[in-house]
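Before any comments, here is the structure.
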Amino acid sequence: AAIYRKYSADGGQTFGADIKLADHSCECCRIALLPINDGKVLAMWRHVFDGSIRDHATAFIDGEKLTKINRGSYDGWRLEACPHHGPALSPALNNQFHAVWFGEKKSVAAVRYGLLNKFGEPVGLARELPDPRAEHADIASFGSNVVIAWRSYNGKETEVKVWLSRDNGKKFQERLIHKTTLDNDYPQLLERSGEIYLLWRTEKEIYVEKIH
């Protein structure tokens, strides 16, 4: 599988050619896209590195310009299958980026949080979320406020939890937000005018709550 991109300069009315960004991407994991203030977009996806290592790659998309591909995670997960868990991105202070992803490191499969530098490369060690059952995490931020949301099944109910930080990801607090026994989708986070909202679709409703 490969990653392709198309570019529009007129608000989506027309698009240019299909341009290959990278070969050897994971087959099914979602691609995270984050607009950058200078008009670029940061992309992060699960990449198949040499030896069937399914870590993550990052690249900045600047119109139709080709960009360098960097390593975004170093879990070293050797896997001959797609885990169906894509990453998520949000802006951080000091021209950095917050990232969450699912991976296996030293035989521990978990959702992890880490910082990326201005080139999309890891800064320091990634941290596991406090819930070992966490899956399909999303992340949003504004200033020094950071919210990570995820879904977790406790054997009877599906729960949505969040990890909250007010100091740019240095310290977090866990909070249970909602739970259901009904069929449900993955939680999504939305930042609007400095406020961060959680949206979670269940068989009954679309649950919305302001987190920050």
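Things worth noting here:
- Looking at Ser90, Ser73, just one residue is assigned to a strand (DSSP E or B), of a type in the set (Ser, Thr, Tyr), within 13 Å of the chain's Cα centre (by Cα) and surrounded by 14 or more Cβ atoms within 10 Å (Cβ to Cβ), and that residue is Ser90.
- Filtered by the rule that a residue be of a type in the set (S, T, N, Q) and either open to solvent by less than 10 Å² (accessible area, probe 1.4 Å) or not in a strand (DSSP E or B) (or both), segment 51-70 gives Ser52, Thr58, Thr67.
- Among the residues of segment 149-184, those that are outside any strand (DSSP E or B) and open to solvent by 70 Å² or more (accessible area, probe 1.4 Å) comprise Lys156, Arg166, Lys170, Lys171, Thr181, Asp183.
- Condition met for Gly39 (open to solvent by less than 80 Å² (accessible area, probe 1.4 Å), in contact with an Asp or Glu (Cβ under 8 Å, 6 or more places away or on another chain) and outside any strand (DSSP E or B)): yes
- Residues that are open to solvent by 40 Å² or more (accessible area, probe 1.4 Å) and farther than 23 Å from Ile36 by Cα within segment 134-145 comprise just one, Glu135.
- Going through (1) open to solvent by 10 Å² or more (accessible area, probe 1.4 Å); (2) out of contact with any Lys or Arg (no Cβ under 8 Å at 6 or more places or on another chain); (3) of a type outside the set (D, E, K, R); (4) modelled with pLDDT of 95 or more one by one, Val111 falls short only on (1).
- Residue in segment 114-133 that is of a type in the set (Asp, Glu), in a strand (DSSP E or B) and open to solvent by 40 Å² or more (accessible area, probe 1.4 Å) present: yes
- Residues satisfying the stated conditions in segment 19-36, i.e. part of a strand (DSSP E or B), touching a His at 6+ places or on another chain (Cβ under 9 Å) and farther than 15 Å from His84 by Cα: Ala22
- Each residue in segment 57-112 was checked for being free of Cβ contacts under 8 Å to residues at least 40 places away in the same chain and under 19 Å from Ser152 (Cα atoms), and 7 of them qualify.
- Odd one out for Arg5 among (1) in contact with a Leu (Cβ under 6 Å, 6 or more places away or on another chain); (2) open to solvent by 40 Å² or more (accessible area, probe 1.4 Å): (2)
- Single residue of segment 185-196 satisfying the filter (in a strand (DSSP E or B), open to solvent by 60 Å² or more (accessible area, probe 1.4 Å) and free of Cβ contacts under 8 Å to residues at least 60 places away in the same chain) that is nearest to Val100 (Cα to Cα): Gln188
- Being farther than 24 Å from Leu93 by Cα and not aliphatic (A, V, I, L, M) holds for only one residue in Glu174, Glu205, Glu195, and it is Glu205.
The values are calculated or read from the model by the stated rules, or taken from the named source; none is laboratory data. Predicted, not measured: the structure shown is a model, and the values here were computed from it. Glycine gets a Cβ as well: all are built from the backbone with ideal geometry, and neighbour counts include every protein chain shown. What goes into the accessible areas is simple: the full protein's heavy atoms, side chains included, and nothing from ligands, DNA or RNA. Shrake-Rupley method; radii C 1.70, N 1.55, O 1.52, S 1.80 Å.
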